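The values are calculated or read from the model by the stated rules, or taken from the named source; none is laboratory data. Every value quoted in this text rests on a predicted model; they were computed, and no experiment measured them. Cβ: placed from backbone, ideal geometry, glycine included. Neighbour counts: every protein chain shown. To get the accessible areas, we keep the full protein, side chains included, count just its heavy atoms, and leave off ligands, DNA and RNA. Shrake-Rupley method; radii C 1.70, N 1.55, O 1.52, S 1.80 Å.
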Amino acid sequence: MAENIRWGILSTGLIAGAFVRDLQPQPGMEIVAVGSRTQASADSFGEQWSIPRRYASYEALAADPDVDVIYIGTPHPYHVENTLLCLDTGKAVLCEKPFAMNTHETRRMIDRAREKGLFLMEAMWTRFSPLMQRLTQLLDEGVIGEVRLLNADFGFAATFDAQHRLFNPALGGGALLDVGIYPISLASLVFRQQPQTIHSAARLGETGVDEQNALLFHYANGAMAQISSAVSLTTPQEALILGTKGRIRIHTPFWKPNRLTIIRDGKDDQVVTTEDSGYHFQALDVAACLRAGKTESDRMPLDETLAIMGTLDSIRTQWGLVYPMEQG
């Protein structure tokens with residue numbers, strides 16, 4: 001491994017730009033190449049972010065021998081083919097959330113990485129924020145006792161456009177995969193398991209994808225989670241974790257957290273603040289893993305990614321929501 005971790009960026013969309021913005025100032029990181037579907041897009045992105053190598057295809061990026069790890073920021077229906085392409089050329093991969101469209105695709109990606117002994121991780125960036133790390137410590141310390149209930153939501157009102165990725169089934173549209181993944185991943189972090197039973201409901205819009213949903217998770221130990229997400233409705237975007245000795249409120253927006261409040265009977269409220277979240281924290285974890293010769297992260301292990309995807313599949317099955325690429 002070179003002294004600097006050398007990154008390639010597969011995609012030139014908004015999320016890729018945000019990732020590059022946060023990654024560039026970090027020591028030991030070097031963004032050396034970007035790949036797009038057209039030369040014009042690669043050149044424009046490369047010029048904007050001062051990336052020296054600009055490829056007109058994902059294949060050319062994946063073949064660059066000076067790239068150590070590739071960040072994949074394409075829409076989620078393309079994650080499986082993009083990830084397999086990069087793994088097959090010997091590259092480590094950080095793939096945006098949701099990791100794939102379903103469990104079948106997720107297994108293919110994980111199996112290929114393990115077969116080749118290469119690093120692979122889902123880019124669930126909130127998981128790596130300093131506040132979420134502090135939250136984990138507080139829960140481990142039993143600050144609010146046994147956790148019994150989680151309330152969390154993530155919804156925003158997008159202007160309807162049948163061709164936009166949020167509403168287009170061919171692009172994996174819908175609230176669950178786009179933003180519902182955040183509170184569901186939080187539930188997995190808080191309870192360290194997937195729900196034993198799931199009750200759910202969804203409002204399917206005119207394109208057939210979920211524009212709004214509500215979920216009730218019940219765990220083997222009796223704990224519960226109430227989760228909702230939407231792309232047609234703005235919600236508080238907060239999270240409340242309730243235990244037998246108190247509660248923790250992660251303030252808006254919980255998915256980009258830097259402040260929480262610990263509330264306990266008979267005690268003054270305790271406010272915990274950290275530096276702002278950013279996309280670079282997950283990249284720093286990737287770099288640490290690569291330098292240590294690890295093929296997956298302890299903070300976002302592949303088996304947990306697979307388990308969460310199984311939960312997402314179970315929810316969609318209840319709605320009868322099947323995407324075009326899953327049919328036939």
Pairs, first among the hydroxyl-bearing types (Ser, Thr, Tyr) in segment 269-290, second in a strand (DSSP E or B), C-beta under 6 Å, six or more apart: Thr273/Arg259
Residues that are charged (D, E, K, R) and out of contact with any Gly (no Cβ under 8 Å at 6 or more places or on another chain), drawn from segment 39-58: Asp43, Glu47
Top-ranked residue in segment 1-27 [being assigned to a helix (DSSP H, G or I) and open to solvent by less than 60 Å² (accessible area, probe 1.4 Å); ranked as farthest from Asn82 (Cα to Cα)]: Asp22
Count - residues of segment 141-167 that are open to solvent by 80 Å² or more (accessible area, probe 1.4 Å), touching a residue at least 24 places away in the same chain (Cβ under 8 Å) and under 30 Å from Thr207 (Cβ atoms): 2
Options Ala158, Ala162; residue that is farther than 16 Å from Leu260 by Cβ and in contact with a His (Cβ under 8 Å, 6 or more places away or on another chain): Ala158
Of all residues in segment 275-309 being among the polar types (S, T, N, Q) and modelled with pLDDT of 95 or more, the one that is farthest from Phe128 (Cα to Cα): Thr295
Members of segment 97-120 that are closer than 24 Å to Phe254 by Cβ and either in contact with an Asp or Glu (Cβ under 6 Å, 6 or more places away or on another chain) or surrounded by fewer than 24 Cβ atoms within 10 Å (Cβ to Cβ) (or both): Lys97, Phe99
Residues of segment 313-328 that turn out to be among the aliphatic types (A, V, I, L, M), surrounded by 14 or more Cβ atoms within 10 Å (Cβ to Cβ) and under 16 Å from Leu204 (Cα atoms), as a count: 2
Residue tally, condition open to solvent by 10 Å² or more (accessible area, probe 1.4 Å), outside any helix (DSSP H, G or I) and farther than 20 Å from Leu171 by Cβ, over segment 33-56: 6
Candidate set: segment 57-80, residues that are open to solvent by 10 Å² or more (accessible area, probe 1.4 Å) and part of a helix (DSSP H, G or I); chosen: the one farthest from His164 (Cα to Cα): Ala60
